[in-house]
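Single-structure report; data block below.
The values are calculated or read from the model by the stated rules, or taken from the named source; none is laboratory data. Note that the coordinates shown come from a computational prediction; the quantities given were computed from them, not determined experimentally. Every residue, glycine as well, gets a Cβ built from its backbone with ideal geometry; the counts of neighbours run over all protein chains shown. In case anyone asks, the SASA skips ligands and DNA or RNA and just uses the protein heavy atoms, side chains included. Shrake-Rupley method; radii C 1.70, N 1.55, O 1.52, S 1.80 Å.
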Amino acid sequence: MPPRNPSIPEPYAGRIARVRGAMGGRRLDAYLVFDRMDQIWLTGFTGEDGGVLVTRRQVVLLTDGRFAETADLEAPFARKVLRKKRGPEATARELKRCRAARVGFDPSHMDVKTFGELRKLARPAKLEPVSGLITAMRQIKDAGEIAAIRRAIRVAENAFVRVQKWLKPGRTEREVAARLVYEMQRLGAQGASFEPIVAYGATSSLPHYEPSDRVISADCGVLVDWGARVDWYVSDLTRMLWPGSIPRRFATVYRIVKEAQERAIAVIAPGIKAGAVDRVAREHIRKSGYGKQFTHSLGHGFGLDVHERPGLRKKSDERLEPGMVVTVEPGIYLPGVGGIRIEDDVLVTETGHEVLSSLSKDLP
Ligand code: ZN
Ligand code: ZN
């Protein structure tokens, strides 16, 4: 028989302690987690239907019968509450049982309907919105998380190299996207971290294009934005593929984007503002005459989610810290002609940065 309350293993013990520390500072008796990735980060429990209630003494998993065994295997230290129906009744009952008076939750992970119902059912407990408590903690990755991100990058890169060899004129965008996902899974990914973007020719000027049955020919480039999920952590990369020769105009634009990216990566270090990194790339593209064609921010943090904090955005005052992992992905988009984007994954280290991705950016 396993012990009833095994002690909490690392890294979860440390993370739960930090959440309890933050609860103390806000005079909260409990904190409710309804985001699946927050739940995985905090407890290791991957069940889809779940919630976590952290009190000063206990960690309670709110889930249903389908995930009972998973919960025992992944988070044996937690008290498990199997709810019989959807809705906040079981959550409210647990709040009463632990006599919580002030209960924090992240308003970006609770819909208005649930909030309304839970607020009534949980009385006299008071629900207190606390934005981004775990989100802020998750932006600094520990060694285990960085190792998982490295694996997710390797898998995505190796899959890309295989697709590059397989690609020839006549394939469609959708085939390329499907092949990428297939190769990533064969290499050990749970799946793609998001639906790959495969945009051929003029469609590559649309930053969030969806692959279609458009046939790829030798006279244009293909923008591929993809990533793998490995051990729950993701990668996010963009490269251009050139099935034929590169039109001269694209070669020039490609060089500008690559220089902008290299300059931005070069300044990444602890203490620099996220906005300053964005501006380095933006300035270079503006001076090269394409300022209006760089239409999105420079990059974003990632980890369990594809988009996490910090955002490398023009106006961000957030300062980079060791352990943050961000994408650096400048682009130039010429409507009706095509777009160029290059995206790499960069770790902020104690002394500067390390580019975690390693696929070549040289033109063929
Ligand atoms: Zn991307
Ligand atoms: Zn990205």
Residue satisfying condition, being more than 16 Å from ligand 1 (Cβ to nearest atom) and closer than 22 Å to S204 by Cβ, within set G291, G323, G275: G291
Taking only pairs six or more apart or across chains, which ones have beta-carbon atoms under 7 Å, a first residue in the stretch 294-315 that is of a type in the set (V, I, T) and in a loop (DSSP other than H, G, I, E, B), and a second residue that is open to solvent by 10 Å² or more (accessible area, probe 1.4 Å) and within 13 Å of ligand 2 (Cβ to nearest atom)? T295/P207; V306/S193; V306/F194
Would you confirm whether or not the stretch 338-360 contains a residue that is in the same structural domain as A269 (by TED's automatic domain parsing), more than 16 Å from ligand 1 (Cβ to nearest atom), outside any loop (DSSP other than H, G, I, E, B) and among the β-branched types (V, I, T)? yes
Of the criteria (1) within 23 Å of the chain's Cα centre (by Cα); (2) away from ligand 1 (no atom under 16 Å from the Cβ), which one F160 fails: (2)
So, restricting to strands (runs of 3 or more DSSP E) that lie completely within the stretch 18-115, which ones have at least 1 residues that are open to solvent by 70 Å² or more (accessible area, probe 1.4 Å) and on the phi < 0 side of the Ramachandran plot? 79-82
Considering the stretch 147-159, residues that are within 11 Å of E183 (Cβ to Cβ) and out of contact with any helix residue (DSSP H, G or I) (no Cβ under 7 Å at 6 or more places or on another chain), and then whichever is most open to solvent (accessible area, probe 1.4 Å), we arrive at N158
Anything in the stretch 185-224 that is under 26 Å from I40 (Cα atoms) and within 16 Å of ligand 2 (Cβ to nearest atom)? List them, or say none. A192, S193, F194, E195, P196
Mind checking which residues of the stretch 165-177 are surrounded by 16 or more Cβ atoms within 10 Å (Cβ to Cβ) and over 21 Å from the mean Cα position of the chain (by Cα)? L167, R171, T172, E173, E175, V176
Counting only residues that are aliphatic (A, V, I, L, M) and more than 17 Å from the chain's Cα centre (by Cα), which one in the stretch 321-337 is nearest to ligand 2 (Cβ to nearest atom)? I332
V306 - would you say it is modelled with pLDDT of 95 or more, within 16 Å of ligand 1 (Cβ to nearest atom), within 15 Å of the chain's Cα centre (by Cα) and open to solvent by less than 10 Å² (accessible area, probe 1.4 Å)? no
Would you check which residues across the stretch 114-169 are of a type outside the set (D, E, K, R) and touching a Ser or Thr at 6+ places or on another chain (Cβ under 7 Å) and list them? L118, S131, I149, A152, I153, A156, P169
